[in-house]
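The values are calculated or read from the model by the stated rules, or taken from the named source; none is laboratory data. Note that the structure is a prediction, hence the values are computed from the model and not measured. No Cβ is skipped: glycine too gets one built from the backbone with ideal geometry, and neighbour counts run over all protein chains shown.
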Amino acid sequence: MKSYKPTTKSRRHMTTLPYKELLSGDSPHKPLLAKKKRRGGRNAFGRITTRHQGGGHKRRLREIDFTYDKKNIPAKIETVEYDPFRSAFIARALYRDGARRYVIVPKEVGVGSTFIVSENAPLTPGNRLPLGKIPVGTFVYNIEIAPLSGASLVRSAGTFAEVVAHDAGYAQIKLPSTEIRKISDLAWASVGAVGNEEYNLVIIGKAGRSRWMGIRPTVRGTAMNPVDHPHGGGEGKQGRGLRRAKTKWGKPSGKGQKTRTPKKYSNVFIVSRRKVGKKRKG
């Protein structure tokens, strides 16, 4: 982590990642860039559906390959780059047939490294193969929920899942949330763990830096009036007055509370529910 001399109050605790050491310093590949209009958390009617979004620095969207449809073609990492839309770093991969794609960078993989998407690929970081071919105890990321649906699980910086069992055509995967879920052996996953594992150690340091990132201020429910939040009201600083924490709309929130839809379609694939609150620490 990179720290700074305390020239101001906000500089005293602020930290950043040493990007010059972690990235290759190359510019983004223009054919893989796209425009993305910012909507400030508003839907088509102009109503805020996701709070605390708005402003921030202008960003260009990188088209990331999560389908990995180029099978049995070796690829070489040309660059390691920053992506403003995600916590993980991305790499520009050059396939042997001349195609270039952006992919998520795992640990221990840098410029000059190679990987391959194949059913018979060796178990080295970055290679991709079906879950049925991955032995128990292996760390994986970029996991498909259904075969050929594209990677959608475990894509954030420093995260990884673990293959804990194989049974009846399904692989049992322990996710970063501690949930154990069944996924088809025909679904694909990448071997290893996502890089940039120090991302969660970054200290923002000041409010302005959050605004650069497009994050608007968050107001505590206890600081509001009763008409605005279930936790609001009271003379001076008061407790919430409720047994369980609630959201602005009266739904359960906070640590240790179950917020999952009781009859969700994917309940049949969950072997063990995730641990929350104090239980997770133990």
Problem - Hey, Arg62 more than 30 Å from Lys182 (Cβ to Cβ) and buried (at least 17 other Cβ atoms within 10 Å of the Cβ) or not - result: yes
Practice task
May I ask you to list pairs of residues, at least six apart or on different chains, whose Cβ atoms are under 6 Å apart, with the first in the stretch 130-146 being of a type in the set (Ser, Thr, Tyr) and the second being crowded, with 20+ Cβ neighbours inside 10 Å and in a strand (DSSP E or B)?
Solution key: Thr138/Val163; Tyr141/Ser190; Tyr141/Val194
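Provide a single number: the residues in the stretch 135-166 that are touching a helix residue (DSSP H, G or I) at 6+ places or on another chain (Cβ under 9 Å), outside any loop (DSSP other than H, G, I, E, B) and not aliphatic (A, V, I, L, M). Don't jump to the end; show me each part of the working.
To start, the set of residues in the stretch 135-166 that are touching a helix residue (DSSP H, G or I) at 6+ places or on another chain (Cβ under 9 Å) comprises 140, 143-145, 156-158, 163, 166.
Next cut, outside any loop (DSSP other than H, G, I, E, B) only: 140, 143-144, 163, 166.
Applying the additional criterion that residues be not aliphatic (A, V, I, L, M) yields 144, 166.
Residues that pass the stated criteria total 2.
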Exercise for the section: Please name all residue pairs, on different chains or six or more residues apart, with Cβ atoms under 8 Å, provided the first residue is in the stretch 73-88 and is in contact (Cβ under 8 Å) with a residue 12 or more places away in the chain and the second residue is of a type in the set (S, T, N, Q) and not in a loop (DSSP other than H, G, I, E, B). Expected result: Pro74/Thr114; Ala75/Thr114; Lys76/Thr114; Ile77/Thr114
Exercise for the section: Within the stretch 37-46, identify whether any single residue is at pLDDT 90 or above, closer than 17 Å to Pro84 by Cβ and aromatic (Phe, Trp, Tyr), and answer yes or no. Expected result: no
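Yes or no, residue by residue, for (1) farther than 28 Å from Asn200 by Cβ; (2) in contact with a Leu (Cβ under 7 Å, 6 or more places away or on another chain); (3) part of a loop (DSSP other than H, G, I, E, B):
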position	(1), (2), (3)
Arg59	no, no, yes
Phe66	no, no, yes
Asn72	yes, no, yes
Phe85	no, yes, yes
Ala88	no, no, yes
Arg92	no, no, no
Gly98	yes, no, yes
Val103	no, no, no
